[in-house]
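Scroll down for the structure; my scribbles are underneath it.
The values are calculated or read from the model by the stated rules, or taken from the named source; none is laboratory data. What you see is a predicted model; the values in this text were computed from it and never measured. Using ideal geometry, Cβ is built from the backbone for each residue, glycine included, and neighbour counts are taken over all protein chains shown.
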Amino acid sequence: MIDIGCCAPDERGAKSMSYRWWSSCKTNTGRVRQVNEDAFLDLGDCGLWIVADGMGGHARGDVASRLIIEAFSGLERPSSIMEFSADVRDRLKLAHHRVKQESDRTDTQQIIGSTVVVLLVFKRQWLCLWAGDSRAYLLRNGALQRITKDHSVAQELVDMGKLGIEEVEGHPYANHITRAVGANHELVLDERSSELRDGDAILLCSDGLNKELSE
């Protein structure tokens with residue numbers, strides 16, 4: 001779980017069209033698993049935050065989430081949001097191929113994979129990329145909005161009108177992920193972006209949090 005808050009720029013920041021932000025991170029193995037398959041990255045100086053959740057029940061999910069984080073070693077400050085996004089996408093594709101290679105090297109027949117949600121902040125703009133069911137939420141003026149949409153069989157049933165949104169939580173297909181790093185032939189990411197406002201807070205989390213707490 002990563003919580004990122006921002007505030008209006010000071011006089012110098014106003015001239016550079018940038019916000020100031022702060023962040024905090026926390027992860028816990030929980031009571032079910034012996035190995036924590038979640039991983040996170042907090043690069044506030046670069047304006048980048050990541051939560052990755054190794055796919056539960058699959059072999060070495062902790063390795064998959066770790067490989068995602070390792071792909072961002074040596075990240076430098078971007079010169080534009082587009083350059084930032086392109087660099088992040090390239091690194092996630094690299095992680096995708098490394099996870100698939102790791103899967104090929106193992107004897108298990110199970111897929112090694114990990115969900116991922118990434119937040120980029122550049123000056124006054126944020127951009128979110130994700131694959132799987134790890135989520136991003138925006139808290140603005142006391143109202144909580146979900147930024148991401150789960151890549152799951154249950155969500156696809158909602159999109160087709162075969163399942164009500166209120167029926168997703170607890171549905172047997174809610175945990176059936178349709179996209180993940182390392183799990184598919186190609187990595188397909190969804191993207192959303194918008195502008196920051198004074199007082200905004202953004203939360204990134206794995207399903208270990210949102211399945212325990214309602215929106």
Go through the range 153-166 and give me each residue that's charged (D, E, K, R) and touching a residue at least 12 places away in the same chain (Cβ under 8 Å). E156
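Evaluate the range 173-190: report whether one residue or more is charged (D, E, K, R) and not in a loop (DSSP other than H, G, I, E, B). It would help to see each step written out before you state the result.
Of all residues in the range 173-190, those charged (D, E, K, R) come to 179, 186, 190.
Remaining after also requiring not in a loop (DSSP other than H, G, I, E, B): 190.
The answer is yes, given that some residue of the range 173-190 is charged (D, E, K, R) and not in a loop (DSSP other than H, G, I, E, B).
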How many residues are farther than 17 Å from V121 by Cβ, of a type in the set (D, E) and assigned to a loop (DSSP other than H, G, I, E, B) if we restrict to the range 191-212? 1
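Just checking, which of L119, L94 is at pLDDT 90 or above, surrounded by fewer than 21 Cβ atoms within 10 Å (Cβ to Cβ) and not acidic (D, E)?
Working: L119 fails: surrounded by fewer than 21 Cβ atoms within 10 Å (Cβ to Cβ).
The conditions single out L94.
Look at L67 and say whether it is under 25 Å from N28 (Cβ atoms), of a type in the set (A, V, I, L, M), touching a residue at least 24 places away in the same chain (Cβ under 8 Å) and in a strand (DSSP E or B).
Numbers: under 25 Å from N28 (Cβ atoms): yes; of a type in the set (A, V, I, L, M): yes; touching a residue at least 24 places away in the same chain (Cβ under 8 Å): yes; in a strand (DSSP E or B): no.
Spelling it out, it is not the case that L67 is under 25 Å from N28 (Cβ atoms), of a type in the set (A, V, I, L, M), touching a residue at least 24 places away in the same chain (Cβ under 8 Å) and in a strand (DSSP E or B).
What number of residues within the range 192-215 satisfy the criterion of being exposed (fewer than 13 other Cβ atoms within 10 Å of the Cβ) and at pLDDT 90 or above?
The first filter runs over the range 192-215 and keeps only residues exposed (fewer than 13 other Cβ atoms within 10 Å of the Cβ), leaving 195, 198, 212-215.
From what's left, at pLDDT 90 or above: 195.
Number satisfying all stated conditions: 1.
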